[in-house]
1. If R0 is 45 Å, what FRET efficiency do you get for residue 149 and residue 334 from their C-beta distance, rounded to 0.05?
2. Amide H neighbours of residue 463 under 5 Å, at least 5 residues apart or on other chains, H built in the peptide plane: list them.
3. What part of the accessible area of segment 229-329, given as a whole %, is carbon or sulfur when the probe is 1.4 angstrom?
4. Label points 7 Å out from Cα along the Cβ direction at residue 447 and residue 414: separation in nm?
5. With every protein chain present, what is the per residue accessible area of segment 227-378 (1.4 Å probe, Å²)?
6. Fully extended, how many nm does the chain gain between residue 358 and residue 372 (0.36 nm per residue separation, minus their Cα-Cα distance)?
7. Check residue 87: other-chain or 5+ apart residues with amide H under 5 Å from its amide H, H built from backbone geometry?
8. From the phi angles alone, apply the Karplus equation (6.51, -1.76, 1.60; θ = phi - 60°) to segment 414-425 and give each ³J(HN,Hα) in whole Hz, x where the residue is Gly or Pro.
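The values are calculated or read from the model by the stated rules, or taken from the named source; none is laboratory data. Being a predicted model, the structure only gives us computed values, none of them experimental. Glycine also receives a Cβ, built like all others from the backbone with ideal geometry; neighbour counts cover every protein chain displayed. Surface areas here come from the heavy atoms of the whole protein model, side chains and all, with no ligands, DNA or RNA. Shrake-Rupley method; radii C 1.70, N 1.55, O 1.52, S 1.80 Å.
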Amino acid sequence: MGRRSFLRVFSTLVLAAAFCGLGLGVNLSLGDVNVVVITDDHSWVGGHGAHESLDIDYGHVLSFYEHLVKSAEKDIFLIHNGDFIDGTGLSTYPPVHLEPILLKMPWDAVTVGNHDVYKSETVLHMSRTGGFIEKLGGRYLTSNVIDSQSGEPLGQRFRYLKGNHTTVLTFGFIYNLEEGIGSPLVKVEPVEVVVKHDWFQNSLRKHDYDAILVMTHMGTDDPSIQVLLSAVRNGAGSEMPVQFITGHTHHRRFLVLDDWSTALEAGCYLDTVGIVSFPTKQTVLSTENSKVSNLFHHDFLDATVNELKSRLGIDTLQTEKGQELTHFIHKTQQNMGLSEVIGCSPRRYYLNRPLYDDDSLFGLWTHHVIPTQFIRNDTKRLVLQGKSSSFRYDLFEGNVTLDDLMVASPFNDSMYLIAGDVPTANIVKLDRHMNRKRNQDLPGLPDFILIGNIDQHETHDLYTLEYEVPFIQSALEEIGGRQLKPVKVNAFATSIWQSFVERHWKNCSKPDISSGSKDTETKAESNLLFGVSKTHVGATIPSASPGTVATIVAFASGISACILLARFILRRLPFRLRSEHSHKHVV
């Protein structure tokens, strides 16, 4: 081969290598419109700590988003689909420590979750002058949540997300929250009513947008999804791409709704970074024989640094702003004393274990915590407590920090005396009534748990936690035939936990190393309740982690693509050049 021929082949292969290097970059299916989704993180902005393999915080999410925007020539939007509160020690009423962290994220749209409007303290703090909603500047979407006094929406009804190439009409709905649940400062309008309002129908008819994004803090199978889709189709037509973002049920889900609409739910507790991509209407109309499966794409990214790096094709994830946010979160946690070790747990206690198992979190509460810290010597006290509203996560073996306790029991609800001197027979009827629906998922864990010794007295003083008061009060009034006036007492759920840990778990034996394998195997099982896949929870061997596997797969795919590209380019060279030393060009 002559010098000129050699230089031609060499330069061609350099271009191929450069092209392949770009191909080894972002490993995501990107389309016309791309949305990075965080939902139901419940203040887990600092990540999962040392107990689990999930190792990202909001700083890593910010870094991931910045890298993605920089590397992709597509429109990328970042959204939060509601429920930022109630989950860790960073969550307080009002959320004075959490708000500054949330505001450091460059959200394009945020919608409201049910937990965000449960407490009046939270609503007042968010909606104050200079507060969270005002600082978001029109990005806080509450299509069916209004101020009870003014009748105006708490945030904005809708907005247009405008990128470099696309404009996306965006709404923010919450499910039809039951009347009487939540702060009296806000009112949730039924979805089926809102879609008939002029503002909603007019926004659809303008057609000055390329696609529609409907943020919905409700399950993918909630009937309101179909109500919304039908209304959107009536106003925007059958070929307008409509992407639903769902939440609330704490699962990973993706569902095709019709020819040009899908729904995605991206986990909870910062266990997932969701990515969804969808086309513009122009793309739909210009693509022959196109199908939803070809133009709508989604990815559920495990919340690990390795996973995010591998999907971006980079070695270092944290950006300057991301690192600053991570530091700010950790500093806030330290200033709040959340890292303080208050005791040592002798084992791991699981949220979803049957009540009488030794490693059941509810069993620990029922048989040890409440009897020693609340009932004590007052044997007339009984506590009837709901399962779903009490605890949210496992309590891990070893050192227990204040944040660990608040993760397991985040609400710190007040204890209420429902009524004194309630006939034992009525309490038995009440217990049966509250558990009339058989729990199919966890038969060993009833929906309502009666704590205390019911056989010692003819009457008892009945207590419950704040969230359950209206349900238990109503049922007991019907059984007893008289009106009740529950009274708040000076006891709180998380404080009761803290008292128990500080008094009974001051010291504990060194964890048995032999029990590690069992704990690893059951970790994934426990967290399935929150929609966390088995692939990333409990993975302790680095070589088997999802991020590592994804990196290997991406690397191998990239090499294969480069080989094919090189072969293609070389075959296009003049025959004489290829035939001189063809065996040397076989890679």
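1. Details: r = 39 Å, r/R0 = 0.87.
Rounded to the nearest 0.05, the efficiency is 0.70.
2. 382, 383, 384, 418
3. Accessible surface attributable to carbon and sulfur in segment 229-329 totals 45 percent.
4. 2.7 nm
5. Details: 6280 Å² over 152 residues.
Per-residue accessible area for segment 227-378 comes out at 41 Å².
6. Here the segment from residue 358 to residue 372 would lengthen by 3.3 nm.
7. For residue 87, whose amide H was placed from the backbone, there are no distant partners under 5 Å.
8. Couplings: 6, 8, 10, 7, 5, 6, x, 6, 7, x, 4, 4 Hz.
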